[in-house]
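The values are calculated or read from the model by the stated rules, or taken from the named source; none is laboratory data. Keep in mind the model is a prediction, meaning the values are calculated, not measured. Glycine also receives a Cβ, built like all others from the backbone with ideal geometry; neighbour counts cover every protein chain displayed.
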Amino acid sequence: MKNAQRLALATFLTTMLLIAIGAYVRASGSGLGCPDWPTCHGGVVPPGTRSALIEFSHRFFGSVVGLLIIATAVMAWKHYRHSAFTVWTAVITVPLVGIQGLLGAVTVVKELPPEIVATHLITAMLVLSCELAVLLSMYLEDPRRASQLNAIVTAPSRRVGQLAIAAVAWLAAVMWIGGYMAESGASTACSGWPACNGGILPAGNSQEITHMVHRYLAGLFIFFIVPLVVVAWRSRDQLFWSGRVAIVLGALYVAQVAVGAFNVWYTFPDVLTVAHTVIATSIWFTLVGAIILTFYVPSRSFEANLTNRPAKATA
């Protein structure tokens with residue numbers, strides 16, 4: 001079981017790295033560094049140009065992630081067959097990452113249409129969510145974690161998870177528009193922050209509108225994240241994980257707002273652009289983690305053990 005958990009963790013971390021590399025591909029303008037697919041300039045090995053190497057590194061790590069996801073599914077089937085959630089989530093992730101690869105191919109062949117690039121980003125978030133679900137379920141189904149799993153099953157409230165569902169749904173819209181904005185060239189349409197070229201409302205051109213829609217949605221996200229942080233912090237005595245989630249989400253949100261502002265002020269340098277995506281991804285998986293830890297249902301065998309445990313203690 002330990003090896004399966006380590007593999008699931010390695011898969012999750014490698015996917016995070018892949019997302020960061022994908023953000024760097026966009027930030028550096030290397031999306032067509034390899035103008036064909038699956039080859040790069042007609043060959044298996046890319047030429048020595050900077051853009052080709054950057055784009056090809058993303059493809060390489062994408063292949064590594066695909067193999068890790070398949071290996072994780074095999075390990076889940078081997079060691080966690082008693083947990084239908086773990087096995088089926090691991091298995092579903094395999095075709096999902098295949099769809100992600102096809103979207104990547106379409107992105108290159110169609111020469112980076114913004115709507116496909118944005119959808120590619122959201123699909124990456126779905127893959128990451130499935131990987132996190134597999135990782136956490138493996139962790140919780142470990143017999144050594146029986147007390148923590150029991151605490152989840154007997155939790156007095158599901159409010160944190162409910163708020164996290166609403167927050168991650170809104171964040172999906174924020175990130176889709178953000179991905180569209182980045183690829184459509186609207187990132188630099190507004191020269192100031194928080195105002196856009198000196199005004200609160202955008203001018204009539206489509207790029208300013210796209211840019212400001214992203215800002216409006218990101219600004220309204222505060223009405224999802226603040227209540228969630230408050231409720232999670234107040235629930236820290238009942239939920240062993242919620243206090244840490246509150247701290248992490250609060251810190252990440254503040255960092256994301258700051259990085260977003262600095263991106264505009266310094267005209268989207270590569271480092272800040274990548275950081276913006278990585279922080280958004282971190283907020284995403286923290287929210288997904290809160291949802292899983294709220295609503296996770298143990299396998300029947302594990303649930304039976306939890307039910308029988310108090311009876312034995314009483315006897």
Inset, instruction - Quickly run through segment 175-190 and pick out the residues that are surrounded by fewer than 20 Cβ atoms within 10 Å (Cβ to Cβ) and at pLDDT 95 or above. - result: Trp176
Legend entry - Test for Leu128: is it touching a Ser or Thr at 6+ places or on another chain (Cβ under 6 Å) and hydrophobic (A, V, I, L, M, F, W, C): yes
Inset, instruction - Name the one entry in Ser157, Ser147, Ser137, Ser129 that is over 29 Å from Gly42 (Cβ atoms), surrounded by fewer than 20 Cβ atoms within 10 Å (Cβ to Cβ) and in contact (Cβ under 8 Å) with a residue 60 or more places away in the chain. - result: Ser157
Inset, instruction - Kindly check whether there is at least one residue in segment 253-261 that is crowded, with 17+ Cβ neighbours inside 10 Å and in contact with a Lys or Arg (Cβ under 9 Å, 6 or more places away or on another chain). - result: yes
Inset, instruction - Kindly check whether there is at least one residue in segment 191-205 that is surrounded by 14 or more Cβ atoms within 10 Å (Cβ to Cβ) and closer than 25 Å to Ala124 by Cβ. - result: no
Inset, instruction - Please list, ordered by first then second residue, the pairs with beta carbon atoms under 7 Å, 6 or more apart or interchain, first in segment 165-186 and acidic (Asp, Glu), second outside any helix (DSSP H, G or I) and at pLDDT below 95. - result: Glu183/Leu112
Inset, instruction - Would you check if Val91 is in contact (Cβ under 8 Å) with a residue 12 or more places away in the chain, in the same structural domain as Leu7 (by TED's automatic domain parsing), under 21 Å from the mean Cα position of the chain (by Cα) and surrounded by fewer than 21 Cβ atoms within 10 Å (Cβ to Cβ)? - result: yes
Inset, instruction - Of the conditions (1) surrounded by fewer than 21 Cβ atoms within 10 Å (Cβ to Cβ); (2) under 28 Å from Thr286 (Cβ atoms), Val97 clears all except one; give me its number. - result: (1)
Inset, instruction - Scan segment 153-174 for residues that are modelled with pLDDT under 90 and either part of a helix (DSSP H, G or I) or in contact with an Asp or Glu (Cβ under 8 Å, 6 or more places away or on another chain) (or both) and jot them down. - result: Val153
Inset, instruction - Look at Ser137 and say whether it is farther than 30 Å from Leu32 by Cα and among the small types (Gly, Ala, Ser). - result: yes
Inset, instruction - Scan Ile54, Ile21, Ile69 and give me the residue that is within 22 Å of Val97 (Cβ to Cβ), outside the structural domain of Ser184 (by TED's automatic domain parsing) and more than 19 Å from the chain's Cα centre (by Cα). - result: Ile54
Inset, instruction - Please find, among Leu217, Leu249, Leu228, Leu149, the residue that is farther than 21 Å from Ile292 by Cα and either assigned to a helix (DSSP H, G or I) or at pLDDT below 90 (or both). - result: Leu217
